[in-house]
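Engineer: Handing you this structure, nothing more for now.
Coordinate-derived values only; no laboratory data. Only a predicted model underlies this, so the values are computations on that prediction, with no experimental measurement involved. All Cβ positions, glycine included, derive from the backbone under ideal geometry; neighbour counts span all protein chains shown.
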Amino acid sequence: MTARRLRWAAWPVAAVLVAAVPAAAAATPAGTTVTVNAKAGLATVPDTAVGVNHAVWDSQLGTDAVADLYGAAGVRTMRYPGGSYGDIYHWKDNTAPGGYVAPDTDFDTFMGGVRRAGAQPVVIANYGTGTPEEAADWVRYANVTKGYGVKYWEIGNELYGNGHYGANWEADNHEDKSPAAYAAGVVAYAEAMKAVDPSVKIGAVLTTPANWPDGIVAAGDTGTWNQTVLSIAGPHVDFVVLHWYPSGSTAEEALSRTEQVDDMLYLAREQITRYAGRSLGIALTETNTPVGMNTQPGALFAAEAYASMLENGVFTVDWWDTHNGPTKLSTVAGYPDYGDFGLLSSGTCLDGGCEPALNTPFAPYFGLKMLSTFARPGDQFVRAEADDPLVDAHAARRPNGDMAVLLVNKDPAAARAVDLAFEPSSVSEVYTFTNGASSIARSSTWDRTLPPYSLTTVVFHAAASPLAAPGQPTATTTDTTATITWPASAPGVKYEVYRELGAVSEEWGETTGTSLSVENLVPGTRYTVNVLARDAAGHVSWASPPVTLTTGAPASSSCTVRLTDVNDWASGFVGGIHVSSSVVTGDWTLTFTWPTARQRVTSGWNGTWVQEGAAVTVTSSAGLASGADVGFVADYGGPNILPTAFRLNGTLCSLG
């Protein structure tokens, strides 16, 4: 069925937070409008969502005190044996040659803490100095001998840091340190480990888009790390592993980096699909903030980063780490910050001051606890937006129909006034974590104010829908069309298909069947789509999981363009474009639009290059009788998603 195009959805979204902007009084908080769009369904919260890292150098690993703190915070995954130690650690004798292993940190002790906290493990199998047989023996001990049921196994840690790209921090005793050698090793590990327990899930290490060494092709390689690893190991693994340590010299810069998450994960999935040829899970097993690791900016970053990742379908996000120790004493947001990557205090000192008592939670701990309070396993994230750049909003719908809204006020000095309109619902719970607090405050009432530098979760009562949501849609595209298909959810219902546009959804069409074709789309454009079911009584289901599709270029045209990433350094690249045409022989103009606002041409050759906003134009009088080659240098301050739609003298070209 062909859709009735571009009918804007008029029925109310689940919640609208309308700005309350009193006049005159200077001390009155500024107003903010936040909209929750229930049609724009995102990922469902998995039972592995909130994770942390543990390390064998930590004498508190597996202790009741730490396990109880994590259980109370809703931590549901714990990673072991600790980052780069994963590539020097030998589980049988609990040793890490070249590193320190604290007493009583063996695998069984770790699992005791995991079980006490009600969590599950993510284990790093030693690739750097280990063998597939050692890893297979670990699986046998964990799942056959002890019955621990360890499901998720990473093959090594950050192996791209083994010196192959110039930086060498990761142990790797293999003579060949290329991505091809690592990928072949992953295949061998996966085969050996699954021979012991076919139910285990194996993860391969990737580079994170726009983070070094993403995009770089080293000497002797035929592709990037991700291209090579996915092409070889992709058919043999179940998930991929990313790490993300965003840059930023100020808290404001660090907190702004979460806006890159959507594009970062879109590009990671695009690479997985292109090179592995199948869908794979994504685990973000290390992250932290560059500013305010122990103070309120870290708490805001933790909640915001976890929510953004999980909304995008990452199945676990794991903070680095439990205890790490102080590195630099400073004052951040008015409170002492120790430059300590740990969630919990190590109780040690620096010149000028000491950390609080051992195991005292730092602010990011409460960021994770707030996230667990806001979004629980089985909840579905839905799209939420704020009209204030210093306020971020996230929403999650619970199986009983309740809606939880997480509001992040990133303004260190000023509160925000929010007047909530939610019909027909009422506030049931409010949770607030403010700057300098040592706990999360709970209330049954809300004064509609977001304190400065705060996290607030508000839970509203709402009725559950009796209709099941449609299942995961799929999509096929051309340059201007898309066909969306989904599983039937119930007999006798009508399905409505919506495109997500943040605060609103645009209805693409409706049908009683299980597919819908849409025309007149914009070439080279990304669309995110949901399907809802409606019955004759007017009941409306939850939104389906989203499907993201991207229109491309026509299969044939009078012109052809080939874009090549010639040389990349993970923050910029040299691009080459070959243009040919069967009809244009004289002067010509080529236009394209960058997919993100973070990409910019800084210089170009063999033509005149101009960029306005995201739109790029290159003109030439050289003619196209035999085709033409032009080139440019571009910077990208985030994931480098390449354009797929080019027009030559106004004609949309095919891709060569």
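Engineer: State the Kirkwood hydrodynamic radius of the chain in Å, one decimal place, computed from all pairs of distinct Cα atoms. Walk me through the intermediate numbers first.
Structural biologist: Numbers: mean 1/r = 0.0378 Å⁻¹.
One over the average 1/r among Cα pairs gives 26.5 Å for the chain.
Engineer: Would you mind ranking W91, W609 by Cβ crowding within 10 Å, fewest neighbours first?
Structural biologist: Values: W91 23, W609 20.
Sorted ascending by nearby Cβ count, the order is W609, W91.
Engineer: Let me make sure I get this right: for the stretch 466-550, a, b and c are the square roots of the gyration tensor eigenvalues over alpha carbons, sorted descending. Under 1.5 in a/c it's rounded, otherwise prolate if a/b > b/c, else oblate. Which is it? If you can, show how the numbers build up before the last one.
Structural biologist: On the way: a/c = 2.12, a/b = 1.77, b/c = 1.20.
The shape class here is prolate.
Engineer: Largest first and in whole Å, what are the equivalent-ellipsoid semi-axes of the stretch 559-655 based on the Cα gyration tensor, each being the root of 5 times an eigenvalue? Spell out each step's value before the answer.
Structural biologist: On the way: eigenvalues 101, 32, 28 Å².
For the stretch 559-655, the ellipsoid semi-axes come out as 23, 13, 12 Å.
Engineer: A further question follows. Using all Cα-Cα distances in the stretch 217-331, what percent lands in each 10 angstrom bin from 0 up to the longest?
Structural biologist: All Cα pairs, binned at 10 Å, distribute as 12, 38, 29, 17, 3 percent.
Engineer: Turning to a different aspect of this structure: Could you work out the relative contact order of the chain, using alpha carbon pairs under 8 angstrom and six or more residues apart, expressed as a whole percent? Don't skip to the answer; put the middle values down first.
Structural biologist: On the way: 1728 pairs, mean separation 92.6, N = 656.
After rounding, I find 14 percent.
Engineer: Once you have the Kirkwood Rh of the stretch 105-253 from its Cα pairs, apply Stokes-Einstein at 25 °C and 0.890 mPa s and quote D in µm²/s. Show your work: numbers first, answer last.
Structural biologist: Numbers: Rh = 16.4 Å.
The estimated diffusion coefficient comes to 150 µm²/s.
Engineer: Would you mind checking the stretch 445-468 for residues with the amide N under 20 Å from a putative spin-label position 7 Å along Cα→C-beta of K494?
Structural biologist: Those under the cut-off are 465-468.
Engineer: Could I ask something else about it? Please give the net charge around A117, taking every other residue with its beta carbon less than 14 angstrom from that of A117, where Lys and Arg add +1 and Asp and Glu add -1.
Structural biologist: Values: positive: R76, R79, R115, R116, K369; negative: D47, D64, D68, D318.
Residues close to A117 contribute a combined charge of +1.
Engineer: Exposure proxy check: L358, L329 ranked by fewest other beta carbons within 10 Å?
Structural biologist: Details: L358 14, L329 17.
Result, fewest neighbours first: L358, L329.
Engineer: Next question, about the same structure. Quote the relative contact order of the stretch 153-203 in percent (integer), defining contacts as alpha-carbon pairs under 8 Å separated by 6+ residues. Could the numbers behind the result be given before it?
Structural biologist: Working: 36 pairs, mean separation 20.2, N = 51.
Computed over the stretch 153-203, the figure is 40 percent.
Engineer: Here's another thing I want to ask about it. Under 13 Å from the Cβ of S279, count the other residues' Cβ atoms, weight Lys and Arg +1, Asp and Glu -1, and hand me the total.
Structural biologist: +1
Engineer: Sticking with this one: Where nothing but the Cβ of Lys and Arg (+1) and of Asp and Glu (-1) is charged, how large is the charge dipole of the chain around its Cα centre, in debye to the nearest 20? Please list the in-between numbers first.
Structural biologist: Details: 37 positive and 63 negative charges, 336 e Å.
Dipole of the chain, to the nearest 20 debye: 1620 debye.
Engineer: In addition: Report the equivalent ellipsoid semi-axes for the stretch 168-249 in whole Å, largest first, defined as the square roots of five times the eigenvalues of the gyration tensor built from alpha carbon atoms.
Structural biologist: Numbers: eigenvalues 110, 52, 29 Å².
So the equivalent ellipsoid measures 23, 16, 12 Å along its semi-axes.
Engineer: Further, regarding this structure: In the calculated pair distance distribution of the stretch 50-374, what percentage of Cα-Cα distances lie above 24 Å? The partial results should precede the final answer.
Structural biologist: Details: 27618 of 52650 pairs.
Percentage above 24 Å: 52.
Engineer: Once every DSSP H run of n ≥ 4 in the chain is given -39500 (n - 2.57) and the sum is divided by its residues, what mean residue ellipticity at 222 nm do you get, rounded to the nearest 500 deg cm²/dmol? Could the numbers behind the result be given before it?
Structural biologist: Working: 9 runs with 101 residues, N = 656.
Value at 222 nm, helices only: -4500 deg cm²/dmol.
Engineer: So which aspartates and glutamates can K410 reach, going by Cα to Cα under 12 Å and dropping same-chain residues fewer than 8 places off?
Structural biologist: The reachable aspartates and glutamates, counting only those whose Cα sits under 12 Å from K410, are E252, E253, E304, D388, D392.
Engineer: Check cross-link reach from K146 to the lysines: straight Cα distance under 29 Å, and skip same-chain residues fewer than eight apart.
Structural biologist: Partners within reach: K92, K194, K201.
Engineer: Only helices at least 20 Å long along their axis, Cα-based, and averaging -1.0 or more on Kyte-Doolittle count here, so list those DSSP H runs from the chain.
Structural biologist: On the way: long enough: 179-196 (26 Å, 0.94); 296-311 (23 Å, 0.42).
Those that pass (Cα extent of 20 Å or more, hydropathy at least -1.0) are 179-196, 296-311.
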